[in-house]
Each structure stands twice: as structure tokens, then as C-alpha cells.
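A.B. asks: First the structure, then my questions, so here it is.
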There are 2 protein chains.
Amino acid sequence: MKTRGGGKKEISSEAAPSVRADARRNADALLRAALAVFTESGVDAPMRTIAAKAGVGVGTLYRRFPQRSDLIKAIIRRDLDAQVQAASTLAAKHGPGDALALWMGRLVDFVATKRDLGPALHSGDPAYQALPDFVLGQLTPVLRRLLDAAATSGVIRDDVDADELLNAGLRLATPVNGGDAAQARRMVALLTDGLRRSLSVPAVKE
Amino acid sequence: MKTRGGGKKEISSEAAPSVRADARRNADALLRAALAVFTESGVDAPMRTIAAKAGVGVGTLYRRFPQRSDLIKAIIRRDLDAQVQAASTLAAKHGPGDALALWMGRLVDFVATKRDLGPALHSGDPAYQALPDFVLGQLTPVLRRLLDAAATSGVIRDDVDADELLNAGLRLATPVNGGDAAQARRMVALLTDGLRRSLSVPAVKE
DNA sequence: CGAATATCCGGAACAACATTCCGTTTGTCA
DNA sequence: TGACAAACGGAATGTTGTTCCGGATATTCG
């Protein structure tokens with residue numbers, strides 16, 4: 001990272017065309033505060049608290065991040081990018097089947113690590129509406145490629161949709177109350193196992 | 001159902017030792033109103049709205065159902081019981097493997113049918129804290145029996161925990177925004193497929 | 001360097017809810 | 001019917017989301 005000033009490291013990496021210095025400074029402070037507050041008190045923490053911790057008025061907070069989800073989006077951007085990148089890396093180092101399985105397993109690290117990210121993704125709460133669109137929009141194409149490759153090579157069944165699998169994976173990757181990531185990992189692995197070309201789905205009618 | 005009075009059908013089936021008549025009447029009205037409001041506006045609907053629809057003051061609502069989750073618990077009790085009963089029925093009519101698969105599939109009908117039940121179960125919101133405990137408490141033992149039977153008979157792997165599987169199933173059973181129950185069904189089936197005694201988990205390290 | 005001005009800031013103000021509390025009303029029982 | 005416990009209702013209080021605008025301040029330009 002090559003930033004001009006020497007002080008604390010910034011969170012928002014992007015350069016700015018013509019933003020006032022204080023504005024940028026405040027945006028960074030807000031992101032830092034939000035991360036801290038979210039981690040300690042969950043993503044539903046009061047906006048006032050975040051603004052206060054950043055030493056800023058709520059007006060400033062709302063101007064920069066009109067929706068709570070904008071704050072979350074900014075915070076997870078890095079990790080989301082990493083998850084996207086991982087697809088290429090894994091595809092290069094492993095066979096199609098393993099690459100897919102490993103990428104799915106990695107979802108746990110992406111979701112389970114950030115407190116409340118999982119619940120927020122699936123809450124249906126309008127305040128977080130933009131989150132699923134954002135995350136799924138980034139990850140679906142990537143997963144689709146892995147999935148197609150694996151299906152084409154014949155190691156997994158070919159009747160599974162990328163959207164659906166991603167949704168399922170993200171749900172399972174969300175740790176239970178108590179934060180047991182290991183359990184989440186096992187469940188995602190179980191799901192992935194179901195992908196491997198099997199005999200057939202038990203077609204029994206109730 | 002054998003209730004004394006003839007009027008509208010009651011929701012709370014239980015008999016009462018010595019509750020004032022108006023109290024019971026109000027409790028029923030509240031449950032009916034809550035069901036209607038939840039269905040139309042989601043489980044986050046204002047308490048005032050429910051009280052109003054029941055023709056009752058908020059005080060009465062809070063006295064009878066101190067927590068929002070108490071209202072939900074009362075509403076889903078019937079369906080939860082049905083899900084519990086289904087275990088015995090299925091176990092009697094099908095082999096261990098199919099009984100398990102079918103019961104898991106039935107979770108979708110239990111969860112996906114009641115608007116917002118799924119999200120509420122996994123939200124982590126303290127207001128719903130009691131819900132997971134209640135639902136899991138009822139269903140876990142039942143699933144454990146099905147799971148043990150299937151594992152013993154050798155049709156599925158034996159290293160899966162009932163708690164974990166139930167959690168996973170409930171998550172997948174929750175329909176995506178748009179209420180596609182069919183998709184939920186497919187994902188649960190996929191998970192169930194992963195249970196069938198397979199070659200082995202892909203033990204590749206990243 | 002010293003205005004001029006486009007930006008940005010702060011926090012009071014308003015609105016929507018959850019939840020509590022207590023004076024009043026109403027069943028129930030003798 | 002009268003007395004009393006049980007239940008009711010809704011005003012009152014506290015919390016949080018969100019908006020709005022007078023005031024502060026970087027930046028730019030002469």
C-alpha cells in the first residue's frame with residue numbers, strides 16, 4: 001500500500017479524485033470504528049455508537065454510508081476479493097473436483113470469521129438488502145466456473161445450479177450461536193460430498 | 001377439538017385450571033391476530049399492530065406473551081408437533097435410510113411454509129433467542145433416533161452429529177428471498193446425499 | 001497571504017417502536 | 001349483590017433510525 005501520509009494505515013484503499021482531506025479522514029475513522037463496534041456488539045449496533053467511536057456526528061456517518069449495508073460492504077470488500085481470487089489459484093493447483101471442494105470450504109473462512117455477516121446475509125431485513133446482491137453478484141460467476149469445470153470433467157453431478165449451491169454454502173458456512181467454525185466446515189463438506197456423482201437421489205415418495 | 005363454547009375455533013388447545021374467561025379469549029384473539037400480521041408483514045411487525053388487530057391493549061399482549069418469541073412458539077407448536085410425529089410414521093413405513101431422507105425433506109414444509117420462521121431461527125437476534133432452543137430441543141432427539149437407526153443399518157456414514165445435521169437442514173430449508181421452496185428442497189436433498197456412505201471426504205489440504 | 005466559496009460537519013429534531021407501570025375495569029365466587 | 005383478585009388499557013419513558021440545515025473549514029484563486 002503506498003499512501004502519502006505516514007500515520008495510521010488506511011482502510012479505504014481507493015484513491016480519490018477531489019475529495020476534501022477531512023472527508024477522507026472521517027471515512028477512514030468511520031470504517032475503523034464500525035469494524036470495532038460490529039466486532040464487539042454485532043452488526044445491529046446503534047449508528048450513534050459508531051459515529052461516537054469515530055469522533056464524528058451521525059450526519060457525517062449517514063452522508064458517507066447512507067445504509068448500514070454500505071458500511072458492511074466496505075468492510076468485507078477485501079475478504080470478498082480474496083475469495084474471488086482464490087478460485088483461480090485453486091483451479092490452477094488442483095483438479096476440478098478438489099478445487100471446487102476447497103473453494104466451498106473456504107467460504108467458511110469468509111463468512112464465519114466476520115461476526116454476524118452470515119445472519120445479515122440471510123436476514124431478509126431491508127437494511128441489509130444490498131448485501132446479498134453484492135456478495136452473490138461477486139461470487140456466483142466464480143463458483144459457476146468452478147462448478148462447470150468439475151461437472152464437465154465428470155467428477156460431480158451436473159444438475160446443480162451455481163446460485164443454489166452458493167446460497168446453500170453460505171448458509172452452512174454461518175456458524176451456530178457459539179461460533180463453532182469447525183462445525184460449519186463439516187457441514188459444508190457434507191454438502192460438497194453430496195455433489196460427487198452418486199448413485200441417484202432417493203426418489204421415494206412420502 | 002372439544003371446546004365448550006361454540007364460536008370461532010380456538011388456537012390455544014390446552015385446557016386451563018382457573019383462568020378468567022376474558023383472559024383466555026384475549027389470548028386466542030392475540031394468537032389469531034399475530035398469525036395474520038406475521039403472515040402479512042413478517043415477524044418483525046410492530047407489537048402495537050398485533051395488539052390493535054386483536055382489539056386489545058399492548059399491556060395485555062405483553063402480559064400473556066412477554067417475548068416476541070413466545071408468540072411465535074405458540075403459533076408453530078402444532079406444526080412442530082407434527083414434525084416430531086412424522087418421525088415415527090416414516091420410520092414405520094420406510095427403511096432407515098429413506099425415513100431419514102424423507103424426514104429431512106419434510107423440514108422444508110415445516111420451515112419454508114411459515115413466513116420468516118427460518119430467518120428468525122438463525123438471526124441471532126436476542127428477541128428470538130428462545131426459538132432455536134425450543135425448536136432444536138424438540139427436534140434433535142427425534143432426528144438422533146432416525147440418524148442412529150440409519151447409521152446402524154449401514155446405509156449412511158456414522159460420523160455425523162444430530163445437532164449439526166439438524167442445524168444444517170434447518171438452514172437449507174429456509175427459502176431464499178423469493179420463497180422458492182423447491183430450491184430449498186433440492187438443497188436439503190443434496191445435503192442428505194452427502195450422508196450416504198461414500199468413498200471418503202476429499203482430504204486435500206489447501 | 002487573505003478572501004471567496006464549494007464542501008463537509010455536527011447534532012438537534014422528529015418519527016417509529018419496545019417495554020413498563022399503575023389506575024381502572026371486570027370476572028368470579030360466596 | 002358485594003367484595004376482591006385478576007386482568008385490562010394505554011399513557012409514559014427510553015432507545016434507535018434518519019433527516020435537515022446553520023455553522024465550520026478545506027481549497028482555490030487573486
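A.B. asks: Which members of region B:110-129 meet the condition of being open to solvent by 30 Å² or more (accessible area, probe 1.4 Å), in contact (Cβ under 8 Å) with a residue 24 or more places away in the chain and more than 9 Å from chain A (Cβ to nearest Cβ)? Spell out the reasoning first.
C.D. replies: Of the residues in region B:110-129, the ones open to solvent by 30 Å² or more (accessible area, probe 1.4 Å) are B:113-116, B:119, B:122-127, B:129.
Narrowing further to those that are in contact (Cβ under 8 Å) with a residue 24 or more places away in the chain: B:113-116, B:119, B:122, B:127, B:129.
Scanning region B:110-129 gives B:THR113, B:LYS114, B:ARG115, B:ALA127.
A.B. asks: Out of region A:15-58, which residues are in a loop (DSSP other than H, G, I, E, B) and near DNA strand C (Cβ under 7 Å from one of its atoms)? So that I can check it myself, show each step before the final result.
C.D. replies: Narrowing region A:15-58 to residues in a loop (DSSP other than H, G, I, E, B): A:15-20, A:42-46, A:54-57.
The answer is A:VAL19, A:ARG20, A:GLY55, A:VAL56, A:GLY57.
A.B. asks: When you check B:ALA82 against the structure, is it assigned to a helix (DSSP H, G or I) and surrounded by 18 or more Cβ atoms within 10 Å (Cβ to Cβ), yes or no? Show your work before the answer.
C.D. replies: Numbers: assigned to a helix (DSSP H, G or I): yes; surrounded by 18 or more Cβ atoms within 10 Å (Cβ to Cβ): no.
Considered against the rule, which asks whether it is assigned to a helix (DSSP H, G or I) and surrounded by 18 or more Cβ atoms within 10 Å (Cβ to Cβ), B:ALA82 comes out as no.
A.B. asks: Also, I was wondering about something else. Within region B:34-49, how many residues turn out to be of a type in the set (Lys, Arg) and modelled with pLDDT under 95?
C.D. replies: 0
A.B. asks: Here's something else I'd like to know. Out of the residues in region B:63-79 meeting the condition of being surrounded by 14 or more Cβ atoms within 10 Å (Cβ to Cβ) and without any contact (Cβ under 8 Å) to a residue 40 or more places away in the chain, tell me which one is nearest to DNA strand C (Cβ to nearest atom).
C.D. replies: At the first step, the residues of region B:63-79 found to be surrounded by 14 or more Cβ atoms within 10 Å (Cβ to Cβ) are B:64-65, B:67-77, B:79.
Filter again for without any contact (Cβ under 8 Å) to a residue 40 or more places away in the chain, leaving B:65, B:77, B:79.
Working: B:PHE65: 10, B:ARG77: 20, B:ASP79: 23 Å.
Going through the qualifying residues, I end up with B:PHE65.
A.B. asks: Does at least one position in region A:93-103 carry a residue that is surrounded by fewer than 15 Cβ atoms within 10 Å (Cβ to Cβ) and closer than 24 Å to A:ALA181 by Cβ? I'd like the intermediate steps shown before the answer.
C.D. replies: Going through region A:93-103, the residues surrounded by fewer than 15 Cβ atoms within 10 Å (Cβ to Cβ) turn out to be A:93.
Narrowing further to those that are closer than 24 Å to A:ALA181 by Cβ: A:93.
Looking through region A:93-103, at least one residue is surrounded by fewer than 15 Cβ atoms within 10 Å (Cβ to Cβ) and closer than 24 Å to A:ALA181 by Cβ.
A.B. asks: Which residues, counting only those in region A:158-180, are of a type outside the set (D, E, K, R) and exposed (fewer than 15 other Cβ atoms within 10 Å of the Cβ)? Give the derivation first.
C.D. replies: Initially, region A:158-180 is screened for residues of a type outside the set (D, E, K, R), giving A:160, A:162, A:165-170, A:172-179.
A:ASN177, A:GLY178, A:GLY179, listed by residue number.
A.B. asks: Shifting gears a bit: Pull up region B:25-59, narrow it to residues that are open to solvent by 30 Å² or more (accessible area, probe 1.4 Å) and either in contact with a Cys (Cβ under 6 Å, 6 or more places away or on another chain) or near DNA strand D (Cβ under 8 Å from one of its atoms) (or both), then point me to the one that is farthest from B:PRO119 (Cα to Cα).
C.D. replies: The extreme case among them is B:ARG25.
A.B. asks: Show the residue pairs meeting these rules: Cβ distance below 6 Å; 6+ apart or different chains; first residue within region A:179-197 and more than 7 Å from every other protein chain (Cβ to nearest Cβ); second residue basic (Lys, Arg).
C.D. replies: Correct list of pairs: A:ARG197/A:ARG157.
The values are calculated or read from the model by the stated rules, or taken from the named source; none is laboratory data. Quick caveat: nothing in here was measured; it's all calculated off a predicted structure. Note that each Cβ is placed from the backbone with ideal geometry, even for glycine, and that neighbours are counted across all protein chains shown. Just the protein is used for accessible areas: all its heavy atoms, side chains included, with ligands, DNA and RNA removed. Shrake-Rupley method; radii C 1.70, N 1.55, O 1.52, S 1.80 Å.
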